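**Student:** Encoded as structure tokens, here's the structure I'll be asking about.
Each value in this text was obtained by applying a stated rule to the coordinates, not by laboratory testing. As the structure is a prediction and not an experimental result, all values here were calculated from the model. For neighbour counting, all protein chains shown are included, and Cβ atoms are generated from backbone atoms with ideal geometry for every residue, glycine included.
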Amino acid sequence: MNDSREVDRKALESAFAEFTRTAAVMEEAYRALQERVEQLDRELEEKNRQLAFTSDYLNYILESMSDGVIAVDTHERITRFNRAACDVLGYDANEVVGRGFHEVFGREFAAPPGGRHPMELRTKDGRTFPVSERDAPMADRNHARIGTVKVFEDLTEVEALRQRVRQKDRLAALGEMAATVAHEIRNPLGGLKGYAALLSRDVEAEDPRARLVAKIMEGANQLEMVVSDLLEYTRPVQLNLEPVNCAETVDTVLRYLEKIPEGVRMRNVVEKEHFVLADRLKLRQVLLNLVQNAVQSIEGHGEVSITCAGEAGSLVVTVSDTGRGIAPALIEKVFSPFYTTREKGTGLGLAVAAKIIEAHGGSLWAESIEGEGARFHVRLARVGRP
């Protein structure tokens, strides 16, 4: 009996020892598995961090692009709309994502295959403008088609530049013709004025014919003014650049005004410290023309003000009036030669002014609301006090 118990005891001890060894092995395996899981968690966290960084980095690239990007799925529903597209088209991304491309823009998505193509897109406010666009298919890692991406460039400035180049070519041809015509007119015009002057000496002041002679002289003088303006417009602009005080130039211009209507108030609010790099006499000529036009646009009571504001490396002198304004359809024509709304105007004053400012490397442009006045802006390079 004792032997049987001894055998059972030894068997139990052996089983317990085997259990202990097995438990130790399992504990070690569990510890190794736990360490492996922790390592995989760290690797997964690092992969997720890298994936998030890559996703953010690609998103930063997309949002920093100067070209607009619009992505659609296979049903042409918009899935991505970058910042440049928002800026150009006037939409927020959340206004268009999820909507059909045709619903938003009123046209099919696809552009002609191969390269960039001139197309049009419609803005949020309904305007259309020219773009150059290119489409590319999008596929997943299994090469299955998931949509299309469109990259487009706003061609508004390019088209405006092309228009300006074409206009410059037309104006150059017109200038050559005008110079020829002016020279052909000047000689007989001088004879006409001379004969009219002789005739006026032989006619008594109370003679009814004296009025006719005066009309001839007036017409000849008007024609001579047109010829002089023509020659000035066609002649290359020669500049003597120096630092010019804007406030002093405006003061001089206001003193040069021959006649200011009684109901018109003049305001010079240009600060004394503003200097631009310009030809003093040419700038005075430009501002005098702008101020005279502003005064003549006012019927009855009104105000003409001259202000100056600084920009990056430049100054903008603005001549504002409360006159009748300019119709939107005519705002671009005011700088064209021979365009005028005044009965006795030559239509060359603003054309000459624009040519002078362009020769300075600056710009001259107009803004107006019909019936509420106009603003003419002159931008020139800013310099410090000499």
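**Student:** For the chain, set up a Gaussian network in which alpha carbons nearer than 10 Å are linked by springs, and say which option among E133, E63, E35 fluctuates the most.
**Tutor:** E35
**Student:** Additional query: Using label points projected 7 Å from each Cα along Cα→Cβ, tell me how many nm separate A327 and S14, to one decimal.
**Tutor:** Calculated label separation equals 11.7 nm.
**Student:** Can you give the three extents of the C-alpha atoms in the stretch 159-234 along their principal axes, from longest to shortest, in whole Å?
**Tutor:** 62, 21, 13
**Student:** Test of understanding: ordering T148, T180 by Cβ neighbours within 10 Å, fewest first, what list do you get?
**Tutor:** Ordered from fewest to most neighbouring Cβ atoms within 10 Å, T148, T180 come out as T180, T148.
**Student:** Highest GNM mean-square fluctuation, the chain, Cα pairs closer than 10 Å: which of Q34, Q222, Q285?
**Tutor:** Top of the fluctuation ranking is Q34.
**Student:** Hey, rough spin-label estimate for K259 and R201, points 7 angstrom out along Cα→Cβ, what's it come to in nanometres?
**Tutor:** Label at K259, label at R201, 3.0 nm between them.
**Student:** What is the order of Y256, Y30, fewest Cβ neighbours within 10 Å to most? The partial results should precede the final answer.
**Tutor:** Details: Y256 13, Y30 10.
Final ranking by Cβ density, sparse to dense: Y30, Y256.
**Student:** Calculate for the chain the 222 nm mean residue ellipticity that helices alone would give, adding -39,500 (n - 2.57) per DSSP H run of length 4 or more and normalising by residue count, nearest 500 deg cm²/dmol. Walk me through the numbers before you get to the answer.
**Tutor:** On the way: 9 runs with 191 residues, N = 386.
Mean residue ellipticity, 222 nm, calculated: -17000 deg cm²/dmol.
**Student:** By how many nm would the segment from R235 to A312 grow when fully extended, if each residue of separation counts as 0.36 nm and the alpha-carbon distance is taken off?
**Tutor:** Answer, rounded to one decimal: 24.6 nm.
**Student:** Please work out the C-alpha center-to-center distance from the stretch 297-315 to the stretch 227-290 and express it in whole Å.
**Tutor:** Result: 13 Å between the Cα centres.
**Student:** Between E46 and R162, what's the calculated FRET efficiency when r is the beta-carbon distance and R0 is 45 Å? Round to 0.05.
**Tutor:** 0.30
**Student:** Further, regarding this structure: If you take every DSSP beta bridge fully contained in the stretch 248-386, what fraction is antiparallel? Give it as a percent rounded to 5.
**Tutor:** Percent antiparallel among DSSP bridges in the stretch 248-386 is about 85.
**Student:** Oh, and also: Per-residue HN-Hα couplings for the stretch 271-282, Karplus 6.51 cos²θ - 1.76 cosθ + 1.60 at θ = phi - 60°, whole Hz, x for Gly and Pro?
**Tutor:** 6, 5, 7, 7, 10, 10, 8, 7, 7, 4, 5, 5
**Student:** Suppose we keep just the DSSP beta bridges with both residues in the chain; what percent of those would be antiparallel, to 5?
**Tutor:** Working: 53 of 58 bridges.
Approximately 90 percent, going by the DSSP bridge assignments.
**Student:** Whole-Hz ³J(HN,Hα) for each residue in the stretch 41-47, computed from phi via Karplus 6.51 cos²θ - 1.76 cosθ + 1.60 with θ = phi - 60°, x for glycine and proline: what do you get?
**Tutor:** Couplings: 4, 5, 5, 5, 4, 5, 4 Hz.
**Student:** log₁₀ I(q)/I(0) of the stretch 241-383 at q = 0.13, 0.20 Å⁻¹, via Debye over equal Cα point scatterers, no solvent, to two decimals?
**Tutor:** Rounded to two decimals, the profile gives -0.52, -1.28.
**Student:** Right, something else. So if we plug the beta-carbon distance of M65 and S363 into 1/(1 + (r/R0)^6) with R0 = 41 Å, what FRET efficiency do we get, rounded to 0.05? Mind showing how you got there, number by number?
**Tutor:** Working: r = 28 Å, r/R0 = 0.69.
It comes out at approximately 0.90.
**Student:** Residue by residue through the stretch 59-64, which ³J(HN,Hα) values in whole Hz follow from phi under the Karplus form 6.51 cos²θ - 1.76 cosθ + 1.60 (θ = phi - 60°), with glycine and proline marked x?
**Tutor:** Once θ is set to phi - 60°, the couplings for the stretch 59-64 become 5, 4, 4, 4, 6, 8 Hz.
**Student:** Helix 349-359 against the longest principal axis of the chain: what's the angle in degrees, Cα atoms only, rounded to the nearest 10?
**Tutor:** 50 degrees
**Student:** Fewest first, what order do H75, H377, H301 take by the number of other Cβ atoms within 10 Å? If you can, show how the numbers build up before the last one.
**Tutor:** On the way: H75 8, H377 18, H301 11.
Ordered by Cβ neighbours within 10 Å, fewest first: H75, H301, H377.
**Student:** What is the angle, in °, between the Cα long axis of helix 209-234 and the longest principal axis of the Cα atoms in the chain? Nearest 10 is fine, range 0 to 90.
**Tutor:** The two axes meet at around 30 degrees.
**Student:** A follow-up question, please. Using Cα-Cα distances under 8 Å and only pairs 6 or more residues apart, what relative contact order does the chain have, in percent?
**Tutor:** 9 percent.
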